[in-house]
Structure formats: structure tokens, C-alpha cells
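> This is the structure, below, for whatever I ask next.
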Amino acid sequence: MVSVARNVVSPLQRRYEAALADTPAGAPFELRTPDGNSHLIGRGEPSFVVTAAGEKGLRALSSFDEISIAEAYMDGDIEIEGSMLQALKYRAVFTDNHPLHYLWVTYVAPFVGGQVRSDKKWIKSHYDVDADFFVLWLDKKIRGYSHGFFENDSESLETGMERKFRYAMDACRIKPGDRVLDIGGGWGSFMEFAGTQGVEVTSLTISDASLDFMRNLIREKGLNNCRALKAHFLEYECDEPYDAVVNLGVTEHLPDYRRTLAQYERVLKPGRRVYLDAYSGERHGMPTFVTKWVFQGNTSPLCLKKYMAELERTRFELMLVKNDRHNYYLTCKKWAENLEAVREEVVARWGDKLYRRFRLYLWASANSFLRGTLSAHRLILELPR
């Protein structure tokens, strides 16, 4: 074990010096190894502590492989005390080279099984977790599972979400009596927000857990003007077009932009609008951790350049595009803080691994938006008469 510890400490110190020592991300930290020794990586007062609980944790660290370290953390073989956001700035010293996994989830599986069929299989990895788990750390008013809009960093998650949902309504000029298609209903956030204002909302989902939650919500809230359907957007057929389409964070799961935009045109009335938002970046650039443990499959950030190229082939007019990177950073940070606040309940009900998986996912997302390796955009599209 002593040799394994040496294989971690010295290389980690060298990588730190090469990549982070002279950058704002280069805060020092303490590494505790199973032999009882502590090692300072960097110079100065440590800002967080990493503990390798045993040989498995040490081997994961010595691999400098991002997914191996993430899995060791989820299994409890590595502990992180202190600022998780600060710790994640050290991702720059690790590697994530898994070409076979990347090729399989990005190209082979969707080609062999078809995108829709693959989506229906993969959805269970994320959304078919008990809805109560998500409700514990989402905002307490709307349960929005896409980013909020904030006027300052100290605003509450609830305020940011309400502003965002009102913005989407106003952007599409939605009024009472309108029929609106909500893509990816989540936990009934838009359905309840708009439905209680007299809007007839049809929410689509391919998650059984989401479907059950929304149908229970319709009964409990008396939302007789709303309905929840289990249907993939690309397969959905409607008897008559809608007055608006709202897509809150589902574009990342619809990588075929041409097919998606054609479907928007089929389901929307001329003269009406689509609102959509998504995290954005290089297409198919997601870490292995995300495609294996968070959103299985070919989840892809919105590639704005490619989306615009496909948009030019359609009748749609682009009314607005806006960068929302800081808004998404704040949202993920607030979600992560909420999750940490209910750690004991989450662990007692669903186990430590689920808590660790989502804690890592939410803080890693916040870090990506803060560093600029991920961005986010909102778009408003209008179909001419």
C-alpha cells in the first residue's frame, strides 16, 4: 500500500504544478492515505480534504481516470470533506479517455436500436428514481428541473424558477384557453404552473415515474384542462396543432435537430411560437460519468452552431437567442446545496450511493458552468403564417 500511496502523491503534486499551481483553481488540499499519513498538495492552507479509505480508493486515485475516481467516491472508497466545488476544479489533472464507451452510446446504440427506442430504455437511469427524491431538493414552489432566471446571485431558487416559467409563458404569448404542448413533463412543473392559469397543457414524458406523478397531480389539483401522456416527442401525433410548444431542457436528449425541428413545425399553429432552453457546448462532449451514471446514452449539449444551420433549413424565424450560463451555474449550485441539506433523509430512504451520485453530478455541473466548459442558451422560434 505504501508503494500505491507513492504512486498517487508525487504524480498528483507534479500534475498540480503543471496544470493548476498558478491558476485561481489551484487551491491546495490535503490528501489522507490509509497508512495514516497526510500529504499537502499545493502550497498554503488546504481548502478541502480527500481521504482514500482503503487500497481501492488509492488505486482509483493513482489511475488519474475521472470515471474510476467518481465510482470510488460513489462507493465510499474516497471521501471529500469541504468544498466540493473547489475539489472539482481539479478535474483538469485527470483524464477521461474511454473511446469504446463514447462510440457505443453516441453512435452504435442509437443506430442499432433507433433513437426513440434507446431513449425509452435509457430514461430509467435518471427519471425513474422515486419522485420524492427530486422533490426534496428542487425548488419548493414549482419543482422546476431546468435552470431558473436570476436577477442576482442571492435570489432564492423559487424566485428564479417562477421568473423563468413566467418568461416562457410571455415569450410564447400564452393566454388562458390556449393549448400548449409541454415536452418532457418532468414533475409537472409547467403543467401545474400554466394549468392553474387556465391553459390546456399536454405534457409528454417517456418516464413511468414522471407519468404517475403528473397524473396524480392532475387529480389532486383538479387540473381537468391538462393531461399527461407517455409518448416520445418524435413519435407524437396530434389531431390539431398547438398554440405553443414549451421545451424546458429536453433538447439535450433530442440530438437529431432536423427531425426535431420538423416535428415542431408539424405540431405548431402558424404564427405561434416555440420556447426552448438547454445547456450547450460541443456536441457529444459529455463526460463518461454523465453518460454512464447520470443520463445514460447519447445525451448531448446543444450545439448552437449546428442547431442554427438546421434552423435555416426550416420556415422558423429565430426571435431570440440568449446566453444563460450563469443562470445555470446558480441553479445547479442551489440544487446541490439543497441536496446537501437533506443528506440524512436521502441516505436513510434511498442509500448513500444515490446521494453521492447526485451530489457529484450537481456540483460537477455547477463547476462546468462556472469554468465555461458548458454554457446554456434559451431560444424563441416563431412559425410564420
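> Which residues, taken from the stretch 244-255, are buried (at least 21 other Cβ atoms within 10 Å of the Cβ) and touching a residue at least 24 places away in the same chain (Cβ under 8 Å)?
Looking only at the stretch 244-255, we keep the residues that are buried (at least 21 other Cβ atoms within 10 Å of the Cβ), and these are 244-248, 250-251, 253-255.
Scanning the stretch 244-255 gives A244, V245, V246, N247, L248, V250, T251, H253, P255.
> Continuing with this model, one more query. If only one of R258, R179 is in contact (Cβ under 8 Å) with a residue 60 or more places away in the chain, out of contact with any Gly (no Cβ under 7 Å at 6 or more places or on another chain) and surrounded by fewer than 21 Cβ atoms within 10 Å (Cβ to Cβ), which one is it?
Working: R258 fails: in contact (Cβ under 8 Å) with a residue 60 or more places away in the chain.
When all the criteria are applied, what remains is R179.
Conditions (1) under 19 Å from F289 (Cβ atoms); (2) within 27 Å of the chain's Cα centre (by Cα); (3) of a type in the set (S, T, Y), marked per residue:
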residue	(1), (2), (3)
V50	yes, yes, no
S62	yes, no, yes
E66	yes, yes, no
A72	yes, yes, no
E81	no, yes, no
M84	yes, yes, no
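> Would you confirm, using the coordinates I've provided, whether C172 is more than 23 Å from the chain's Cα centre (by Cα), more than 28 Å from L311 (Cα to Cα) and surrounded by 21 or more Cβ atoms within 10 Å (Cβ to Cβ)? Lay out the reasoning, then the answer.
Numbers: more than 23 Å from the chain's Cα centre (by Cα): yes; more than 28 Å from L311 (Cα to Cα): no; surrounded by 21 or more Cβ atoms within 10 Å (Cβ to Cβ): yes.
Spelling it out, it is not the case that C172 is more than 23 Å from the chain's Cα centre (by Cα), more than 28 Å from L311 (Cα to Cα) and surrounded by 21 or more Cβ atoms within 10 Å (Cβ to Cβ).
Residue by residue, here is whether (1) crowded, with 19+ Cβ neighbours inside 10 Å; (2) among the β-branched types (V, I, T); (3) in contact with a Phe, Trp or Tyr (Cβ under 6 Å, 6 or more places away or on another chain) holds:
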{"position": "L276", "(1), (2), (3)": "yes, no, no"}
{"position": "S280", "(1), (2), (3)": "yes, no, no"}
{"position": "H326", "(1), (2), (3)": "no, no, no"}
{"position": "T331", "(1), (2), (3)": "yes, yes, no"}
{"position": "N338", "(1), (2), (3)": "no, no, yes"}
{"position": "E345", "(1), (2), (3)": "no, no, no"}
{"position": "L374", "(1), (2), (3)": "yes, no, yes"}
{"position": "L379", "(1), (2), (3)": "yes, no, no"}
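> Could you list all residues from the stretch 48-71 that are of a type in the set (S, T, N, Q) and in contact with a strand residue (DSSP E or B) (Cβ under 6 Å, 6 or more places away or on another chain)?
Hit for the stretch 48-71 is T51, nothing else.
> Regarding the stretch 237-245, can at least one residue be identified that is assigned by TED's automatic domain parsing to the domain that holds D170, within 26 Å of the chain's Cα centre (by Cα) and assigned to a strand (DSSP E or B)? Please lay out each step first, then the result.
First pass over the stretch 237-245, keeping only residues assigned by TED's automatic domain parsing to the domain that holds D170: 237-245.
Subset that is within 26 Å of the chain's Cα centre (by Cα): 244-245.
From what is left, the residues that are assigned to a strand (DSSP E or B) are 244-245.
Checked against the condition, which is being assigned by TED's automatic domain parsing to the domain that holds D170, within 26 Å of the chain's Cα centre (by Cα) and assigned to a strand (DSSP E or B), the stretch 237-245 yields at least one hit.
> From the list W187, W122, W104, exactly one residue is farther than 30 Å from I380 by Cβ, modelled with pLDDT under 95 and hydrophobic (A, V, I, L, M, F, W, C). Which is it? Before the answer, list the steps.
Values: W187 fails: farther than 30 Å from I380 by Cβ; W122 fails: farther than 30 Å from I380 by Cβ.
Matching residue, one of W187, W122, W104: W104.
> Quick check on my filter: what residues within the stretch 72-85 are acidic (D, E) and surrounded by fewer than 19 Cβ atoms within 10 Å (Cβ to Cβ)?
D75, E79, E81
> Could you identify the single residue in A348, A364, A376 that is under 20 Å from W137 (Cβ atoms) and outside any helix (DSSP H, G or I)?
Values: A348 fails: outside any helix (DSSP H, G or I); A364 fails: outside any helix (DSSP H, G or I).
That would be A376, the only listed residue that is under 20 Å from W137 (Cβ atoms) and outside any helix (DSSP H, G or I).
> Given the structure, is K322 at pLDDT 95 or above, surrounded by fewer than 23 Cβ atoms within 10 Å (Cβ to Cβ) and out of contact with any helix residue (DSSP H, G or I) (no Cβ under 8 Å at 6 or more places or on another chain)? Break it down stepwise before answering.
On the way: at pLDDT 95 or above: yes; surrounded by fewer than 23 Cβ atoms within 10 Å (Cβ to Cβ): yes; out of contact with any helix residue (DSSP H, G or I) (no Cβ under 8 Å at 6 or more places or on another chain): yes.
In short, yes.
> Filter the stretch 341-385 down to the residues that are over 21 Å from A70 (Cα atoms), in contact with a strand residue (DSSP E or B) (Cβ under 9 Å, 6 or more places away or on another chain) and of a type outside the set (S, T, N, Q) and list them by number.
Across the stretch 341-385, the qualifying residues are A376, H377, R378, L379, I380, L381, E382, L383, P384, R385.
The values are calculated or read from the model by the stated rules, or taken from the named source; none is laboratory data. Computed from a predicted model, the values in this text were never measured in an experiment. Please note: Cβ atoms are built from the backbone with ideal geometry, for glycine as well, and neighbour counts cover all protein chains shown.
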